[in-house]
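J.: The structure that follows is given in the form of structure tokens.
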Amino acid sequence: MHELNNTRRILERLPDEHMTWKPHVKSMTLGGLSTHLINLLNWQIAIVLYPEFDLSTVPLRREALESREAVLEEFDANVIKLNKLIDECDETTLGEDWTLRNGDHIILRQPRALALRTFGLNHMVHHRAQLGVYLRLLDIPLPGLYGPTADEEGK
């Protein structure tokens, strides 16, 4: 929950006027990256609910959300779902194998607890940091997640 709260703190800084901006032609837009963070939260829910996730059954990229309000609304709703699922989950379930596949190709198979940590949470933290770079490039003050940022020094 600590990491999800930190992710929300970054998402709270999203500027609606820059949701289509991207720092490089090969990069996702700000809205696309924010939406990807929502998808990673959806995948964490799927890790708890289902024994596998097949990438071939979902679109490669979801349509980007267009506003901070839409991002926060979906994020908050999914955090509530995930928190409830984890509270109800037992060690046996967390120890069961979970598979990420693309059709017949198995990308990874590991216990749910490990999949939650790596494919879900670590993956989210990685893209949250990427979002922090986007916001920095747009000169939007960053919140301190593990201590003060340059924007908060002296406060």
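The values are calculated or read from the model by the stated rules, or taken from the named source; none is laboratory data. Quick caveat: nothing in here was measured; it's all calculated off a predicted structure. With ideal geometry, Cβ positions are generated from the backbone for all residues, glycine too; neighbour counts draw on all protein chains shown. Calculation scope for accessible area: heavy atoms of the full protein, side chains included, ligands and nucleic acids excluded. Shrake-Rupley method; radii C 1.70, N 1.55, O 1.52, S 1.80 Å.
J.: If I ask for residues that are closer than 30 Å to residue 19 by Cα and open to solvent by 50 Å² or more (accessible area, probe 1.4 Å), which ones from segment 78-89 would you list?
T.: Selection gives 80, 81, 83.
J.: Shifting gears a bit: Hey, can you tell me all the residues within segment 91-147 that are on the phi > 0 side of the Ramachandran plot and at pLDDT 95 or above?
T.: Within segment 91-147, 103, 139 meet the criteria.
J.: Could you count how many residues in segment 61-113 are touching a strand residue (DSSP E or B) at 6+ places or on another chain (Cβ under 8 Å) and of a type in the set (Val, Ile, Thr)?
T.: Of the residues in segment 61-113, 3 are touching a strand residue (DSSP E or B) at 6+ places or on another chain (Cβ under 8 Å) and of a type in the set (Val, Ile, Thr).
J.: If we keep just the residues of segment 90-142 that are assigned to a loop (DSSP other than H, G, I, E, B) and open to solvent by 30 Å² or more (accessible area, probe 1.4 Å), which is nearest to residue 13 (Cα to Cα)?
T.: Going through the qualifying residues, I end up with 141.
J.: I'd like the full set of residues that are part of a helix (DSSP H, G or I), open to solvent by 40 Å² or more (accessible area, probe 1.4 Å) and touching a Leu at 6+ places or on another chain (Cβ under 8 Å), limited to segment 15-68.
T.: 18, 49, 55, 68 - these are the residues of segment 15-68 that are part of a helix (DSSP H, G or I), open to solvent by 40 Å² or more (accessible area, probe 1.4 Å) and touching a Leu at 6+ places or on another chain (Cβ under 8 Å).
J.: Residue 154 fails exactly one of the following numbered conditions: (1) at pLDDT below 95; (2) farther than 24 Å from residue 28 by Cβ; (3) open to solvent by less than 80 Å² (accessible area, probe 1.4 Å). What is the number of that condition?
T.: (3)
To keep it simple, each residue is scored yes or no on (1) more than 13 Å from the chain's Cα centre (by Cα); (2) within 20 Å of residue 121 (Cα to Cα).
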position: 1; (1), (2): no, yes
position: 23; (1), (2): yes, no
position: 26; (1), (2): yes, no
position: 43; (1), (2): no, yes
position: 69; (1), (2): yes, no
position: 82; (1), (2): no, yes
position: 87; (1), (2): yes, yes
position: 91; (1), (2): yes, yes
